[in-house]
1. Need pairs with beta-carbon distance below 7 Å; first residue within 16 Å of ligand 1 (Cβ to nearest atom) and within segment 3-26, second open to solvent by 10 Å² or more (accessible area, probe 1.4 Å) and not in a strand (DSSP E or B); sequence gap 6+ or separate chains.
2. So, ILE420, is that one in a helix (DSSP H, G or I), in contact with a Ser or Thr (Cβ under 6 Å, 6 or more places away or on another chain) and β-branched (Val, Ile, Thr) or not?
3. Condition first: surrounded by fewer than 22 Cβ atoms within 10 Å (Cβ to Cβ), touching a residue at least 12 places away in the same chain (Cβ under 8 Å) and either under 30 Å from ASN365 (Cβ atoms) or β-branched (Val, Ile, Thr) (or both). Can you find one or more residues in segment 89-101 that meet it?
4. What do you reckon, is TYR44 within 9 Å of ligand 1 (Cβ to nearest atom), under 25 Å from ASN247 (Cβ atoms) and touching a Leu at 6+ places or on another chain (Cβ under 8 Å)?
5. Tally time: how many residues in segment 196-228 are part of a helix (DSSP H, G or I) and either more than 13 Å from ligand 2 (Cβ to nearest atom) or open to solvent by 10 Å² or more (accessible area, probe 1.4 Å) (or both)?
6. Take ILE360 and decide whether it is within 22 Å of VAL299 (Cβ to Cβ), open to solvent by less than 80 Å² (accessible area, probe 1.4 Å) and in a helix (DSSP H, G or I).
7. Given ARG428, ARG404, which one is in contact (Cβ under 8 Å) with a residue 24 or more places away in the chain and open to solvent by 70 Å² or more (accessible area, probe 1.4 Å)?
8. Of all the strands (runs of 3 or more DSSP E) wholly in segment 1-64, which have at least 3 residues that are open to solvent by less than 20 Å² (accessible area, probe 1.4 Å)?
Amino acid sequence: MIKLYDTLTRKKREFVPIVPGKVGMYSCGPTVYKYAHFGNMRAYVFMDCLRRVLEYNGLEVKSVMNITDVGHLLSDADEGEDKMVESAKREKKSPYEIADFYTGQFFADTDALNIKRPSVTPKATDNIPEMIEMVKTLLEKDYAYETGDGIYFSVEKFPGYGRLSKIKLDEQMHGARVDVNENKRNPIDFALWKKAEPNHIMQWDSPWGKGFPGWHIECSVMSNKYLGRVFDIHTGGVDHIPIHHENEIAQSEACYGIKTTNYWLHNEFMLYDGGKMSKSLGNAFTLSELAEKGYEPLVCRYFCLNVHYRQKINFTFEAMDAAKTAYERLLGQLYQHKQSAAKTDAAVLEKYKNKFEKAINDDLNIPLALGVLWTMLKERKSKDIYETAVRMDEVFGLKLNEARPQKAEQTELPDDAAAIAKRREEARAAKNWALSDELRNKLDEMGYSVKDTKDGQIVTKK
Ligand code: AMP
Ligand code: ZN
C-alpha cells in the first residue's frame, strides 16, 4: 500500500488510482524566462521521485508537466509585467527565443539530475484556444466577469475558495493589497484573461479583443486536456498552495462541476541563509554554478534526497560537501560489493528490500530508504547486495550502477608517492610485472597499500 500526504485533507491517505494500474500526474512546470536554480530543481527531483516510487510499485504513470511561456506576471497575483516579456526586453530577443533557450537549459539540468522526462510537456502558448474556451464557459456560468483590462474570476461565487490553503476568504481579503486594480470587484479576484495594450508583444485574438491568458488557467486547461477531467495527482512547490493551486481548483471545479484532482502533493522549500532560495533575492545557484564549484548534478540530487520532501532543506556549502563525500563513499562501497563473488542469504536481501519498500511507500520517505541502503552496505561484501542496491536505485535515480572506486582513496597522495604510483600504472600497462612488483614494494615501504582492480590500481594509506 502506498500512502501519500494530501495537502487538501492534511492527511496521509492510501493512494488508490482512478484506473487500476495507471496514474495520471500533473506537475506545475517552469516559467522559462531565466535559468532555473537549485531550489526550483528540488521541486522536480520530488516530482521524479514520486513518479519513480509509483513505477517501482508497478503502476504505469502518465506524467504531464507544463512549460509556462506566457501569462506568469512578476507577482503570482496578477501584478506587473509578464515575466517572459520582461526577460525578452532585457535580453533584446523575442519571447519565443527566450522560451526556447531557457526550456533547453531547463531540460539539460533535469537530464543531468537524472530526472525522467515527463510523458508530455505542453507549452502554454500551444493551448490558447482551449484556454479561451474555458474562460468563455466560466463567463457563461457566471463565475467570471469582464472589466476594462481583462476577465476575472469572482472568488465570492465559489464557496470552496480557500479550501486548500485553509485561509478563509475574509482573511485573504484582509491581507490583499487593495490599491492594485480598481476594476476588480474583490481584491483577490484573479485574472483568467488579460487584455493586451496594442504594443504588448504576446497577444492572441479572443472574444474580448487581443490579449493573453492568466497563469492559473494554463494549468487547469493542460491538466484537463492531457489527463482528463479527473486525474490522480497534482504536484508543485508549497508557494503554489495559497494562490496558484487555490485558483486552479476554483476554475476547474467551477467549470466542470466536479473535484478534478484526487491528491495534492507539495514540496517544501530549499532555504539559503534562512530564507527561500530565489533568484530575485540573489541567493540562488544554478546547477552549472554548482558544477563549477565541484558539486556534480548527482551530488545535488543526493543532497535533495537526504531530506524528506515535506521538510525544508537548508542549503549550505558544508552540507553540500558532506553530500559529495557521502555520494563518493556510496559509489565506492558499491564498487567493492560489485567486485565480490560472495553470496548473501536471500532472506537477508529480502529483509532490506522490505524495509526499503516500507519507507518509500510511506509518503516517499526517501531519507529513511537511503538509511536502509547504507545499513545494507555494511553487510559482508557481495554482488547480491550490489544488485539489490541497483534495484533500489530505480527510485533513488543516483546512477548507482556507475559504482566506482572512491576518488578520495586514489588522489590524496603526496608528489613522491604519486610519481611512483604513476610509474607503476605505466609498468602494468606495458605488462612489465617485475617493475610493477618492485614499485608496489616501494609504495609499501612508504606506508601505502596497492590494490589492483579492473578499473586500475587504488593506492591507499595503510
Ligand atoms: P517557477 O519557475 O518560479 O514557477 O518555479 C518552479 C517550481 O519551483 C515551483 O514548483 C516552485 O514552487 C518551486 N520553487 C521555487 N523556489 C523554490 C525553492 N527555493 N525551494 C523549492 N522549490 C522551489
Ligand atoms: Zn501550475
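1. These pairs meet every condition: THR7/ILE241; MET25/ARG51; TYR26/LEU227.
2. No; evaluated as a whole, the condition is false for this residue.
3. No, segment 89-101 contains no residue that is surrounded by fewer than 22 Cβ atoms within 10 Å (Cβ to Cβ), touching a residue at least 12 places away in the same chain (Cβ under 8 Å) and either under 30 Å from ASN365 (Cβ atoms) or β-branched (Val, Ile, Thr) (or both).
4. For TYR44, the condition - within 9 Å of ligand 1 (Cβ to nearest atom), under 25 Å from ASN247 (Cβ atoms) and touching a Leu at 6+ places or on another chain (Cβ under 8 Å) - is met.
5. Result for segment 196-228: 5.
6. yes
7. Selected residue: ARG428, the only one of ARG428, ARG404 that is in contact (Cβ under 8 Å) with a residue 24 or more places away in the chain and open to solvent by 70 Å² or more (accessible area, probe 1.4 Å).
8. Once the strands (runs of 3 or more DSSP E) in segment 1-64 are filtered for at least 3 residues that are open to solvent by less than 20 Å² (accessible area, probe 1.4 Å), what remains is 22-27.
The values are calculated or read from the model by the stated rules, or taken from the named source; none is laboratory data. Model, not experiment: these values are computed from the prediction. Here the Cβ is made from the backbone with ideal geometry for all residues, glycine too, and neighbour counts use every protein chain on show. The area values use the complete protein model at the heavy-atom level, side chains included, leaving out ligands, DNA and RNA. Shrake-Rupley method; radii C 1.70, N 1.55, O 1.52, S 1.80 Å.
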